[in-house]
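A short write-up of the structure that comes next.
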Amino acid sequence: GRLTIGIGAGWLEEEFVALQTAPFAARGKVTDEYILACKALWTEEAPEFAGEHVRFGNVSFAPKPVQRPHPPIWVGGESGPALRRTARLGDAWYPIGTNPAFPLDSLKRYEAAIGRLRKLAAEAGRNPASIGLAYRVQAFGPSVPPQAGDGERRLFSGEKAAILEDVRALRALGVTAIDLGFPGGDADALLAAMRGFADSILQKV
């Protein structure tokens with residue numbers, strides 16, 4: 001009962017060619033159909049699905065997931081289609097802050113994107129509050145450039161006190177999960193970095 005499904009449409013065309021899968025240009029439609037097909041398998045006693053890229057019927061799928069109605073689906077991506085996919089089909093939005101094409105590197109930018117997501121969710125007939133929020137951080141600390149692309153302070157840059165305030169600010173926005181990349185060349189170094197973050201920041205949130 002602890003599984004979380006992370007899904008994204010993909011961005012590297014060569015991967016699609018190597019896998020000999022559906023055309024790269026159709027990846028958004030394929031992703032949507034995969035989500036809907038999985039939900040049918042997870043929730044229906046006699047699952048059926050008839051899409052352009054996925055079709056099945058007269059099948060059994062058991063046992064069903066422990067989580068009901070199904071494991072939570074976190075949709076990755078920062079683009080307009082990713083936001084629309086989250087608003088229609090996702091249980092949470094899981095963007096990365098430093099995508100240069102769709103940067104969410106400042107609190108102001110991220111907050112504005114959350115506003116767009118909530119508007120799209122309402123337009124899709126869903127309760128915006130039912131969609132969880134997460135945030136992916138690739139790097140943090142003094143080595144991170146202090147200024148975001150919009151001139152605001154870059155999230156998770158600076159010293160521990162500033163990062164602590166970022167965590168608190170994201171929590172105030174409704175974020176319930178922050179995914180951090182930790183430095184370290186081996187397991188011991190990674191664990192030490194994780195413990196240091198937990199001791200100096202998480203315990204103070």
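Below are the figures for this structure:
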| quantity | calculated |
| --- | --- |
| Bridge type composition, the chain - antiparallel percent by DSSP, nearest 5 | 20 percent |
| Whichever aspartates and glutamates have a C-alpha closer than 18 Å to that of K119, once near sequence neighbours (fewer than 8 apart) are set aside | E78, D91, E111 |
| Percent RCO, i.e. relative contact order, over the chain, from Cα pairs under 8 Å lying at least 6 residues apart | 14 percent |
| Per residue, in Å², the accessible surface of the chain once ligands and nucleic acids are set aside, probe 1.4 Å | 58 Å² |
| Approximate spin-label separation D91-A124, in nm, with each point projected 7 Å along Cα-to-Cβ | 1.5 nm |
| Label selected from (i) 58, 38, 36; (ii) 52, 48, 29; (iii) 52, 38, 37, the criterion being Cα extents along the principal axes in Å as computed here | (i) |
| Gain in span if fully extended, E111 to L191, counting 0.36 nm per residue against the direct Cα distance | 25.7 nm |
| All lysines inside 20 Å of K204 as judged from Cα atoms, apart from same-chain residues fewer than 8 positions distant | K160 |
| Extension gain, K29 back to F102 (0.36 nm per residue minus Cα-Cα distance, nm) | 24.2 nm |
| Fully extended contour minus Cα-Cα distance, from A62 to A50, at 0.36 nm per residue | 2.3 nm |
| Proximal lysines relative to K64, as straight alpha-carbon distance under 17 Å, when same-chain residues fewer than 8 apart are discounted | K39 |
| Region 55-60 - phi-based ³J(HN,Hα) in whole Hz, Karplus 6.51/-1.76/1.60, Gly and Pro as x | 9, 7, x, 6, 10, 10 |
| Pair F182, E13: separation of 7 Å Cα→Cβ label points (nm) | 3.9 nm |
| Share of carbon and sulfur in the accessible heavy-atom surface of region 1-100 [1.4 Å probe, %] | 56 percent |
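The values are calculated or read from the model by the stated rules, or taken from the named source; none is laboratory data. Quick caveat: nothing in here was measured; it's all calculated off a predicted structure. Note that each Cβ is placed from the backbone with ideal geometry, even for glycine, and that neighbours are counted across all protein chains shown. All accessible areas refer to the heavy atoms of the entire protein, side chains included, with ligands and DNA or RNA removed. Shrake-Rupley method; radii C 1.70, N 1.55, O 1.52, S 1.80 Å.
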